[in-house]
1. Extending each Cα 7 Å along its Cβ direction at residue 146 and residue 168, get the distance between those two points in nm, one decimal.
2. Under a point spin-label approximation (7 Å from Cα along Cα-to-Cβ), what is the residue 153-residue 111 distance to one decimal in nm?
3. Can you tell me the length gained on complete extension of the stretch residue 58 to residue 2, counting 0.36 nm per residue apart and subtracting the Cα distance?
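Read the figures in this text as sums done on the coordinates, not as results from a lab. Worth saying up front: this structure is predicted, and the values here are computed from it rather than measured. FYI the Cβ positions are ideal-geometry reconstructions off the backbone, even for glycines, and counts take in every protein chain you see.
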Amino acid sequence: MAVVIVILVFCVSSLCGAPQFVLIAACVVAFGPVWGFTYSWIATIVSAAMNFYIGRFAGAGMLQKIGGNHLARFEHYIGKNTFSASFIIRNIPSAPFIVVNMAFGAARAPFLTFIAGCALGILPKTALVALFGTSYSTLMKGGSWKMAVGMAAVALVWLGLMLLARHFYERAKNRD
């Protein structure tokens, strides 16, 4: 029953534009690193699918009101690169989760390609938040300084991957 409740919380929270890392962190605190990671990953995928279909049924007009002019460029990129766009955008600070997912739906992106990119793209962020939460908890309970160094190293690797993803996204966007 816990996973159903987490899914409902993620879906409702996505409609409010809640930061996803906060929801993931709350899951890790509530259910521990393994189940918190698992539940939040599943709930993120379900809420992404819900937002996708809201965008699909609401259409591009509503999305234009929410997202502004830069969504036209994003839609063009989505049309040619659904999987990579869905994968990469998860690791680039961009628009709120709901806007990004609605853009895929409004752009008539293929659902299975979108959701596959989403499911794989959210793994690093979800794992990092779960690892960070667990490591921080351990450190605060008197854990080793090595844990803090390891945590910082993982965060730096993730930051590097985020910057690399942004580079590839910008390069692909300029190519179109």
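1. For residue 146 paired with residue 168, the spin-label model returns 3.3 nm.
2. So the two model labels end up 4.3 nm from each other.
3. Here the answer is 17.1 nm.
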